[in-house]
Amino acid sequence: MAFKICVIGCGNMSTNGHGPAIQKYAALHADVELTACCDLDPEKAQRYQRTFGFAGSYTDWRLMLSQEKPDAVCLIVPVEATAGLAIAIMQMGFPLIMEKPPALTAARCAEMMEVARRTKQSNQVAFNRRYTPLMQKLRRELAAHGRIDSLRYDFFRVRRRDPDFSTTAIHGIDAVRFLCGSDFAQVAFHYHPIADTGRVNIYMEGTMQSGTVVSLAFCPMTGVNVERATVIVHDHTYYLHMPMLKGIDAGGRLLHLHKDTIISDETAGEEPMFISNGFYHENAAFFDALRAGVKPENDLATALQSVELAEYMRLRKAHYPEVAS
């Protein structure tokens with residue numbers, strides 16, 4: 001019996017990341033059927049269908065789900081549309097993987113969690129950093145140490161003038177939670193205006209519930225596109241350069257030093273972006289969980305604090321938890 005997959009949203013993120021990942025998963029599993037894709041723009045939907053080998057295309061997602069009755073739905077739409085569509089899809093009775101952030105507020109994310117609980121629908125939030133091979137390897141090594149002294153995460157972009165950078169910065173927030181294996185305990189936010197731009201650099205200083213001291217820098221208008229973590233564990237230091245689509249960190253790097261000696265030095269090699277950046281592994285993890293009848297590992301509940309801290313950032317709050325005045 002076929003395992004049927006439908007996609008809602010055929011834009012850039014879907015085309016560059018999720019489409020080739022889903023196509024590869026189908027190529028590796030004979031029982032998987034790429035049933036249909038949907039976009040409000042019929043030309044985008046038809047192009048996506050041809051590119052990745054879907055059987056059909058639609059412009060009405062409700063009609064697609066009603067007619068095709070998929071086993072899994074991949075929701076890759078603009079941020080402001082995700083929560084409402086996700087709730088409606090779960091209420092229709094379909095499990096889904098959705099792009100980050102699942103919601104713009106913690107209250108809305110909690111509402112989505114309640115719908116998932118009530119409808120008993122499996123769900124996963126696509127924080128692809130959690131599934132990049134280099135970050136997963138670092139997470140395993142840090143877990144083996146048993147404790148982390150400090151972690152710094154630098155999240156730099158070039159000429160990003162987004163009015164709301166928090167919907168991108170949430171990746172860094174979530175990556176720190178993932179690497180530490182812990183939620184944030186307390187955070188101080190600092191906002192520094194970038195001259196003549198109307199934008200700000202955002203800095204977070206705090207501690208995790210595990211006791212790790214963390215420092216995060218989100219700078220949207222710098223000279224380089226990079227995401228880099230520096231992790232100190234007693235006399236071990238790790239440098240993680242996340243693979244980027246292009247630029248100086250295109251291949252990524254994970255460097256481990258112990259007492260000033262290189263223990264290991266690894267890159268993502270020649271893997272295509274949809275693998276090195278985690279898109280294949282996150283989709284495969286979701287599909288595998290559904291086929292095995294088990295709960296996906298990164299559901300809405302695991303995303304809640306990341307959404308909450310991004311909301312604090314958006315509202316320019318100074319402290320988490322909020323300090324009463």
(request) Could you list, in sequence order, all residues of the range 11-53 that are part of a helix (DSSP H, G or I) and charged (D, E, K, R)? (result) 24, 43, 44, 47, 50
(request) Only strands (runs of 3 or more DSSP E) wholly contained in the range 216-322 count here; list those with 3 or more residues that are surrounded by 15 or more Cβ atoms within 10 Å (Cβ to Cβ). (result) 226-233, 236-241, 253-258
(message) Let me spell it out: the conditions are (1) more than 21 Å from the chain's Cα centre (by Cα); (2) at pLDDT 95 or above, and residue 198 meets all of them except one. Which number is the exception?
(response) (2)
(request) Being of a type in the set (Lys, Arg) and under 14 Å from the mean Cα position of the chain (by Cα) is the filter; apply it to the range 122-179 and report the residue that is farthest from residue 76 (Cα to Cα). (result) 177
(message) Being surrounded by fewer than 19 Cβ atoms within 10 Å (Cβ to Cβ), at positive phi and touching a strand residue (DSSP E or B) at 6+ places or on another chain (Cβ under 7 Å): is that true of residue 9 here?
(response) no
(message) Every residue in the range 144-171 that is closer than 30 Å to residue 234 by Cα and outside any strand (DSSP E or B), please.
(response) 144, 145, 146, 147, 148, 149, 169, 170, 171
(request) Return the total of residues in the range 85-115 being closer than 23 Å to residue 279 by Cα and small (Gly, Ala, Ser). (result) 2
(message) I'd like the full set of residues that are in a loop (DSSP other than H, G, I, E, B) and under 20 Å from residue 147 (Cα atoms), limited to the range 185-215.
(response) 209, 210, 211, 212
(request) Report those strands (runs of 3 or more DSSP E) wholly inside the range 55-130 carrying at least 1 residues which are touching a Phe, Trp or Tyr at 6+ places or on another chain (Cβ under 7 Å) and closer than 30 Å to residue 243 by Cβ. (result) 72-75, 96-99, 123-126
(message) I'd like the full set of residues that are within 19 Å of the chain's Cα centre (by Cα) and more than 21 Å from residue 72 (Cβ to Cβ), limited to the range 96-108.
(response) 104, 105, 106, 108
(request) Only one of these is surrounded by fewer than 17 Cβ atoms within 10 Å (Cβ to Cβ) and in contact (Cβ under 8 Å) with a residue 24 or more places away in the chain: 99, 80, 33. Name it. (result) 80
(message) When you check residue 182 against the structure, is it closer than 26 Å to residue 280 by Cα and part of a loop (DSSP other than H, G, I, E, B), yes or no?
(response) yes
(message) Here is a check on your reading of the model: is residue 72 more than 17 Å from the chain's Cα centre (by Cα), surrounded by fewer than 22 Cβ atoms within 10 Å (Cβ to Cβ) and within 25 Å of residue 292 (Cα to Cα)?
(response) no
(request) Give the residues of the range 240-286 that are in contact with a strand residue (DSSP E or B) (Cβ under 6 Å, 6 or more places away or on another chain) and assigned by TED's automatic domain parsing to the domain that holds residue 25, sorted by residue number. (result) 282, 286
(request) Name every residue in the range 46-68 that is more than 21 Å from residue 27 (Cα to Cα) and of a type outside the set (Ser, Thr, Tyr), in order of residue number. (result) 60, 61, 62, 63, 64, 65, 67
(message) I'm trying to understand the selection: among the residues of the range 180-201, which are in contact (Cβ under 8 Å) with a residue 60 or more places away in the chain and within 26 Å of residue 136 (Cα to Cα)?
(response) 183, 184, 186, 187
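The values are calculated or read from the model by the stated rules, or taken from the named source; none is laboratory data. Note that the structure is a prediction, hence the values are computed from the model and not measured. Note that each Cβ is placed from the backbone with ideal geometry, even for glycine, and that neighbours are counted across all protein chains shown.
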